[in-house]
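In what follows, a structure is listed as structure tokens, so that the remarks can point back to it.
The values are calculated or read from the model by the stated rules, or taken from the named source; none is laboratory data. Since the structure is predicted, the reported quantities are computational estimates derived from the model, not experimental observations. FYI the Cβ positions are ideal-geometry reconstructions off the backbone, even for glycines, and counts take in every protein chain you see.
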Amino acid sequence: MNVFRKAKRTVLSTLLVSIIVIINVSDKGLHSYVRQTVSRGLSINLGGGKCKWTPPTYDVSTDIIFNKTIIAGFPSGDKRLTFIQMEALTGLSARDEWDFQFLGMTNQPFIKANYPHHEGIWGWQNVGDQVIMVVRNIRRSMVEYHDILWDIGYAKTFEDAFERISNLYAARPPKEDFLVWRDERVMDEIHWYGWFIDYWMEAGLMRDMFTHKITTPEHWYMLMQPTRYKKSEMTYDLIVGNDTVVTPSYDPHCVNDVSGGCHPIQIISAERLVDVTSGELEGRKIARSLQGRTGIDDYLIAEEAWQCIWSELIIKKKGLKTVVDREGLGERDYNFSEEMLASMLEELNRLISKYSSSDWNWRETAQDLVDVLTEHRALIVAELDEVRNGTRKLGTFDILGPKTRHDMSSEGNSPRQVAKSDFDFDELNKRVMKERMEHLLETSRLQRKQKS
């Protein structure tokens, strides 16, 4: 079955959850839930570098004109790390792209966006003014992307989704669950990761994520609907033609709906933001992106408190749960095959080469991006070396990937490949689904017990 077809269930279930939650819960209901979880208030500058963190207001006045910031990032929990900094610095709340689309437009100045990834939607109409792009290690992004999907149990009803809100960022899924998703999705999501970065860096230029060639609007909109078309139905050669000279086209949203353009004014590293040695500096980058912005500057806490705000959120872990709060397995406990790591490395090499070229090195944001991606590349290279020399031992099913699995069915297999040739993915999938349901039922039972 084509990977995009197999991915349809996951993508649609995630989309469906967003839509159902949005349709069934009013703004008042959402605010009530948030306030029950975190009391409302504004962060206070106590002077001398001290502060008191309090949550933001969710009732943002419609009478104030705000310069609004789009916080864009590949689905992986990194955007929450960024927008909670903005909320604490200003006392103003962020809102998700889906909320704008289905609950209606409000005046929240911080917009969390997965767009143009297939988990996202341009829901904020034409109110954006500037973009910040958050970049997380490609390997870690793949793990956390799956973890978020697992948190909500791929729920298909509002009741199930709402009941599992508290599951977000609480724990990590079984390795078996991750392996099924990994083998269905990761090889393609690696391309989506690089394509996502290109989209924002090039201000909405339409490209094919698999060949990286400039493409036509017709082809681009097909690529934006991966559950509607088979991958074989929308190849570049079939729709555009490898020899076709294509006139560059830009996403109309970027052209018309972001006053300052889609190219990010700042690149934020999710890893640096939570690191005790680099986090304060990364937090200052976020704060500086808000300085002097219409409306926002009136609410921005004094600069002497910026370091304290970062510490309250990252070191003292106040506020909403984030990816760093997950318990149980660590991200490195989830393995990727040699083939998958090599593909990640290839994509990082492409991005680093592109944005360090003379066409881009005059832009500070491009230099920052290359610096961040170079750090990520070093980690992927080190892990790939460990896999190849046997220092990092992969489990029975960890070595798999599309190419490896194909090799396993051909003659001349190595002993390691032959030993895995009888692996039954259907049987594993059934077991994973059974374990997932048992986990969710137990979680629901414990929650009901606590309520009673």
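Filtered by the rule that a residue be out of contact with any helix residue (DSSP H, G or I) (no Cβ under 6 Å at 6 or more places or on another chain) and either among the β-branched types (Val, Ile, Thr) or surrounded by 18 or more Cβ atoms within 10 Å (Cβ to Cβ) (or both), the range 208-221 gives Ile214, Thr215, Thr216, Trp220. Of all residues assigned to the range 197-214, at least one qualifies as being assigned to a loop (DSSP other than H, G, I, E, B), in contact (Cβ under 8 Å) with a residue 60 or more places away in the chain and closer than 30 Å to Arg332 by Cα.
One residue alone among Ser39, Ser18, Ser61, Ser32 is at pLDDT below 70, of a type in the set (S, T, N, Q) and assigned to a loop (DSSP other than H, G, I, E, B), and that residue is Ser39. Residues that are assigned to a helix (DSSP H, G or I) and surrounded by 12 or more Cβ atoms within 10 Å (Cβ to Cβ) within the range 383-396 comprise Glu383, Leu384, Asp385, Glu386, Val387, Arg388, listed in sequence order.
Here Arg80 passes the criteria (1) outside any strand (DSSP E or B); (2) closer than 16 Å to Arg288 by Cα except the one numbered (2). Within the range 316-358, restricting attention to residues that are farther than 17 Å from Ala378 by Cα, in a helix (DSSP H, G or I) and β-branched (Val, Ile, Thr), the residue that is farthest from the chain's Cα centre (by Cα) is Val324.
Here is a yes/no grid of residues against (1) part of a strand (DSSP E or B); (2) in contact with a Cys (Cβ under 8 Å, 6 or more places away or on another chain); (3) not aromatic (Phe, Trp, Tyr):
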site	(1), (2), (3)
Ile65	no, no, yes
Arg95	yes, no, yes
Trp98	no, no, no
Thr106	no, no, yes
Asn126	no, no, yes
Met133	yes, no, yes
Leu149	no, no, yes
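Residues in the range 325-368 that are among the aromatic types (Phe, Trp, Tyr) and buried (at least 19 other Cβ atoms within 10 Å of the Cβ): Tyr334, Phe336, Tyr355. For the criterion of being in contact with a strand residue (DSSP E or B) (Cβ under 9 Å, 6 or more places away or on another chain) and within 24 Å of Met340 (Cβ to Cβ), Asp198 passes.
I'd like to know if the range 258-273 contains one or more residues that are within 21 Å of Thr54 (Cβ to Cβ) and buried (at least 19 other Cβ atoms within 10 Å of the Cβ). Yes; the residues of the range 258-273 include at least one that is within 21 Å of Thr54 (Cβ to Cβ) and buried (at least 19 other Cβ atoms within 10 Å of the Cβ).
Table: residues versus (1) modelled with pLDDT under 95; (2) crowded, with 19+ Cβ neighbours inside 10 Å.
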residue: Glu282; (1), (2): no, yes
residue: Gln291; (1), (2): no, no
residue: Thr294; (1), (2): no, no
residue: Ile309; (1), (2): no, yes
residue: Lys317; (1), (2): yes, no
residue: Lys321; (1), (2): yes, no
